[in-house]
1. How many residues does region 364-398 contain that are under 11 Å from MET443 (Cβ atoms) and charged (D, E, K, R)?
2. What are the residues in region 262-277 that are closer than 15 Å to THR313 by Cα and without any contact (Cβ under 8 Å) to a residue 60 or more places away in the chain, if any?
3. In region 231-242, what residues are out of contact with any helix residue (DSSP H, G or I) (no Cβ under 7 Å at 6 or more places or on another chain) and either surrounded by fewer than 18 Cβ atoms within 10 Å (Cβ to Cβ) or part of a loop (DSSP other than H, G, I, E, B) (or both)?
4. Can you tell which of ALA254, ALA296 is part of a helix (DSSP H, G or I), on the phi < 0 side of the Ramachandran plot and either of a type outside the set (D, E, K, R) or at pLDDT 95 or above (or both)?
5. Would region 16-32 turn up any residue that is within 29 Å of LEU252 (Cβ to Cβ), in a helix (DSSP H, G or I), at pLDDT 90 or above and out of contact with any Ser or Thr (no Cβ under 7 Å at 6 or more places or on another chain)?
6. I'm told GLU236 meets every condition in (1) touching a strand residue (DSSP E or B) at 6+ places or on another chain (Cβ under 6 Å); (2) modelled with pLDDT of 95 or more except one. Can you identify the failing condition by its number?
7. Assuming LEU291 fulfils every condition listed in (1) in contact with a Gly (Cβ under 9 Å, 6 or more places away or on another chain); (2) surrounded by 14 or more Cβ atoms within 10 Å (Cβ to Cβ); (3) touching a residue at least 60 places away in the same chain (Cβ under 8 Å) apart from one, which condition is it?
8. Output the helices (runs of 4 or more DSSP H) that fall wholly within region 402-521 and possess 1 or more residues being exposed (fewer than 10 other Cβ atoms within 10 Å of the Cβ), more than 47 Å from the chain's Cα centre (by Cα) and modelled with pLDDT under 70, or say none.
Amino acid sequence: MDLEISAADQPVKHFRQILMWPLQLMPLLEGSPFENHYQLLEQPTADNPWRELADEFCGDPEQFHERHYSEFVTFLPHVQRFLYGEGASHEGKARYGDSPIRIFRRQDMAQVRMTFKENNQPISFDIVHLDLYFFYDIDVVILVVEIAADDLDLRQVQETLYRFGRAYPPYWDEDGSGGHCLTRAEWMAPDGRVLAHSDYEKRSKYLSFVGRFRSPCISSHWEFLLRPLVLHHSDEDGLVRYRQIEYHRMPLLAYLAMDDPRTVSRGDFARLVLVSGAGKKGSLPFSDQHLEGFEARHCYDRYWHPQTDQPGTRLLSCGHACIMVGSAQEPYFTGLENGLLGQFRHQFFLLALIPHFHKAALLMLSDRLVTALNRLEIGNAESVKNFKRAIREILEVFLRFTHRYWFYEVSDQAQARALFAITREHLGTERLYTELREEIQDMSQYLDSDSLRRQANTVVRLTVVTTAGLIATVSTGFLGINLIAAAEDPLVNRIVFFMVVLILSALLTGVAIVKSKRLSDFLEALSDERLSQRDKLSALVGAWRNKRPPNSG
């Protein structure tokens with residue numbers, strides 16, 4: 001393999017990129033006309049271009065394609081039920097057997113036109129799919145954007161991977177353009193009209209937004225794409241609001257069919273999977289020390305044979321990106337129905353979608369936990385009550401997430417199992433899950449112990465009141481003695497006697513409750529045989545003496 005071949009001289013016959021952008025959905029406000037976020041997109045209004053996608057498993061069985069069958073049998077039964085349900089349709093209300101995933105697609109865009117900084121000549125990419133994935137009972141939505149192009153060079157592919165999937169610029173170059181971003185990105189209608197374009201160059205917009213909302217803004221073309229959903233920290237009106245939950249760079253998958261993938265250097269493979277952009281010929285994107293063990297950490301080379309005439313397929317993953325590289329001369333690699341291109345768009349997409357959904361859901365729950373803690377005011381009884389309710393709800397959602405969505409294994413096929421494991425390891429979802437579970441368990445234990453403490457205090461007070469009432473009950477009820485024989489008195493007298501006794505009993509009970517903590521200390525001292533009579537008398541006097549507040553004076 002010649003390391004000195006320039007990326008600009010390495011043609012990519014066919015290129016696919018799938019962006020996956022997880023976003024956090026904000027809880028619906030009280031009084032909202034919707035019970036679930038996706039119901040907003042079910043409304044056939046003029047400002048709603050999204051339509052629910054009828055899944056292939058609910059249509060005519062005769063139209064069920066072999067690629068769908070291959071996708072289905074890739075996964076284990078519990079994952080199949082998560083992805084596809086169990087034969088129930090989405091018609092009407094959700095019921096047992098339905099898939100918890102709802103997919104909405106917009107078809108009013110045909111291309112995305114990108115202008116790069118090093119070349120003012122724009123490149124147009126076909127838009128294959130624009131989808132929104134909603135998940136039942138989880139306030140997360142994932143935007144999926146699939147684009148395709150033919151006859152690019154490797155350098156253009158590297159720049160596309162590096163610059164396209166950015167929600168906002170991290171900084172600005174000297175010419176005023178957004179750092180690491182495209183010079184311009186444009187959504188194109190089928191008739192060639194520009195529907196929306198990026199505004200990375202508007203530095204004042206991003207600066208003022210962060211200064212005002214303490215939250216990053218997103219580029220106008222991504223904001224346009226997500227409507228009628230609106231950014232949470234903004235002045236726009238909208239029933240369903242979202243905010244970013246991860247880094248501004250969107251996770252991605254990429255498929256490269258090349259004339260000879262053996263000519264791709266180690267440095268270019270590293271640039272692809274680590275999404276570092278194009279570089280100088282023969283150079284590495286990072287230092288030798290950083291790339292030590294690169295193949296072991298990021299490459300799945302079970303079907304990669306660069307020393308033969310048929311090099312096969314190389315899979316790479318860093319968590320953030322999953323890359324598939326193979327030969328455009330191999331029909332199996334380029335096959336859309338039975339080949340690896342079809343698998344890339346279906347099986348491999350889902351193998352990446354699941355761990356990214358896991359991470360987004362865990363981050364969403366962690367954010368809700370932090371929000372509940374920040375709103376807690378210990379001295380405010382109503383705030384404490386709301387905090388307990390919020391923690392209980394988070395615990396319930398976490399338990400449902402664990403039993404409905406959380407998987408350690410998704411497939412018995414070696415390649416699928418390995419790619420899923422590599423992606424999970426790089427994303428750190430298992431570590432994040434363990435940390436969140438421990439935090440929620442700590443909160444739950446605190447609430448349980450607080451409830452037990454309150455119950456114990458109530459029992460102490462009731463014990464004191466019962467003890468005080470027992471003395472009066474025994475005294476007045478001994479041998480049925482009536483201190484006042486008023487049974488034959490007029491009704492008015494009996495009512496007066498009843499009210500007097502009732503008021504005195506209520507006052508006695510109220511005083512016993514108020515002094516219950518001190519009286520319980522006195523009862524404990526009275527039962528302690530080690531204390532002298534004088535100490536017990538002092539405890540009785542102390543129970544009725546008003547203690548001076550520690551901070552008074």
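1. The total comes to 2.
2. Within region 262-277, PHE269, VAL273 meet the criteria.
3. HIS232, SER234, ASP235, GLU236, ASP237, GLY238
4. The conditions single out ALA296.
5. No: zero hits.
6. So GLU236 meets the others, but not (2).
7. Failed condition: (3).
8. 429-477
The values are calculated or read from the model by the stated rules, or taken from the named source; none is laboratory data. Fair warning: this is a prediction, and the values are worked out from it, not measured in the lab. Ideal geometry is used to build each Cβ from the backbone, glycine not excepted, and the neighbour counts take in all protein chains shown.
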